[in-house]
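The values are calculated or read from the model by the stated rules, or taken from the named source; none is laboratory data. Just so we're clear, the structure is a prediction, and the values are computed from it rather than from any experiment. Ideal geometry is used to build each Cβ from the backbone, glycine not excepted, and the neighbour counts take in all protein chains shown. Each accessible area value is taken on the protein alone, full model and side chains, heavy atoms only, with ligands, DNA and RNA left out. Shrake-Rupley method; radii C 1.70, N 1.55, O 1.52, S 1.80 Å.
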Amino acid sequence: MFNVTANGADIPALGFGTFRMPEADVLRMVPYALHRGFRHIDTAQIYANEAAVGEGLSQSGVSRSQVFLTTKVWVENYRTADFLRSVDESLARLRTDYVDLLLLHWPNDDVPLSDQIGALNAVRAAGKARHIGVSNFNTAQMAEASRLSTAPLVTNQVEYHPYLDQSVVLGAARASGMAVTAYYPMADGKVLSDPVLQDIAARHGRSVPQVVLRWLIQQQNVVALSKTVREERAAENLAIWDMSLDGEEMRAINALAKPQGRIVSPPGLAPVWDSTSR
Ligand SMILES: NC(=O)c1ccc[n+]([C@@H]2O[C@H](COP(=O)([O-])OP(=O)(O)OC[C@H]3O[C@@H](n4cnc5c(N)ncnc54)[C@H](OP(=O)(O)O)[C@@H]3O)[C@@H](O)[C@H]2O)c1
């Protein structure tokens, strides 16, 4: 495993995701993932499984300092008093004094962005988050959030997989020293039957999920998240450090992007997305 360095944060390039993971699965999978070598766990207030993540972490026997732990503040908690209270509640559920990364889960203009960023910075200044960032922000929102923030933002966590071109967001992130953290790498399972990906996987004697995760983390400033409730898949998804895709393979995967490739765009939450170049 290597780390992606972004504005002072050292983020393990592959994280274990817990979205849509019931507590019983989290309790089984988080310790397993940590034993196998994952050192980065991603959760969120809205996933309603922070308590299980905290329990899984403490049961794993892996020391807190060895794990990069991310959570995200839900949009309904963006008013300052609610924000600060909700973070304290997250920390109590997670059984820790701090998270490594605290994100705004979605942009939301019911509360001024300056207040949201102010609260993120206050949490960081209090030592309750080592790093701060955003999720699902477009590039204009990223720029405004960075301008308003005292501490540098370290990542924008966005949907990113072979069917969705994120070069515009990635370019903006790189230009400001930020990472892009890729969620939905499997495009909700759609990548698994892709013939181009199957062909590259066969050439390497690997699986499609391994090729996709390798494609992501081989890109400069990209961190990938991967979720599974199956032990053998967690082990498989982690075994991507002893392979490498060549330039032609990287380009062939980039070329799979399509204009309608975005999957996650919930009405009432999603911003006006940046246009894609492919
Ligand atoms: N910021 C946001 O708004 C946001 C939104 C969505 C997700 N996220 C984060 O990103 C993480 C990753 O996204 P995701 O949950 O959609 O996961 P994903 O890694 O794209 O996985 C999607 C599905 O693929 C299956 N899968 C995983 N590895 C596989 C393998 N080796 N072979 C076959 N199937 C495999 C899993 O099913 P099984 O579990 O049945 O194996 C999983 O349900 C989330 O868990 C969450 O932490 C953030």
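Quick one: grab the alpha carbon gyration tensor of the chain, order the square roots of its eigenvalues as a ≥ b ≥ c, and give me rounded if a/c is under 1.5, else prolate or oblate depending on whether a/b is larger than b/c.
Oblate is the answer for the chain, as a/c is 1.5 or above yet b/c matches or exceeds a/b.
Would you calculate the separation in nanometres between label points at W241 and R147, each defined as 7 Å from the Cα along the Cα-to-beta-carbon direction?
Between W241 and R147, the simple spin-label model gives 4.1 nm.
Would you tally the net charge around V53, using a Cβ to Cβ cut-off of less than 10 Å, leaving V53 out, and scoring K and R as +1, D and E as -1?
-2
So how far, in whole Å, is the C-alpha centre of the range 65-141 from the one of the range 146-194?
Each part reduced to its Cα centre gives a spacing of 18 Å.
If H35, H204 are ordered by their accessible area, calculated over protein heavy atoms with a 1.4 Å probe, which sequence runs from highest to lowest?
H35, H204
Within the accessible area of the range 41-109, what % is carbon and sulfur when the probe is 1.4 Å and the other protein chains stay in place?
Heavy-atom surface of the range 41-109 belonging to carbon and sulfur, 1.4 Å probe: 46 percent.
Give me the net charge for the shell around A179: Cβ to Cβ below 14 angstrom, other residues only, Lys and Arg +1, Asp and Glu -1.
Counting the neighbours of A179, the net charge comes to -2.
For every other residue with a beta carbon closer than 15 angstrom to the beta carbon of R85, add +1 if it is Lys or Arg and -1 if Asp or Glu, then tell me the sum.
Once all neighbours under 15 Å are counted, the net charge is -3.
What order do S86, S193 take when sorted by accessible area (1.4 Å probe), most exposed first?
Result of the area sort, largest leading: S193, S86.
Can you tell me which of Q66, Q210, Q157 moves the most in a GNM of the chain? Springs connect C-alpha atoms under 10 Å apart.
Result for the chain, Cα springs under 10 Å: Q66 fluctuates most.
How much of the DSSP beta bridge set in the range 153-278 is antiparallel, as a percent to the nearest 5?
Rounded to the nearest five, the antiparallel share is 10 percent.
If you roll a 1.4 angstrom probe over the protein chains with everything in place, what fraction of the accessible area of the range 121-278 belongs to carbon and sulfur, to the nearest %?
After summing per-atom areas, the C and S share lands at 52 percent.
Quick check for you: with a 1.4 Å probe and neighbouring chains kept, what is the accessible area per residue of the chain, in Å²?
Ligands and nucleic acids excluded, the figure is 41 Å² per residue.
If the reach is capped at under 16 angstrom between alpha carbons, list the lysines near K72, excluding any in the same chain fewer than eight residues apart.
K72 reaches K128.
Excluding residues on the same chain fewer than 8 positions from K258, give the lysines whose Cα lies under 25 Å from its Cα.
K190, K227
With point charges of +1 on the Cβ of Lys and Arg and -1 on the Cβ of Asp and Glu, referenced to the Cα centre of the range 58-192, which listed residue (H161, A129, T181) lies farthest in the positive direction of the dipole?
A129
Take every DSSP beta bridge whose two residues both sit in the chain, then give the antiparallel share in percent to the nearest 5.
If we restrict to bridges inside the chain, about 15 percent are antiparallel.
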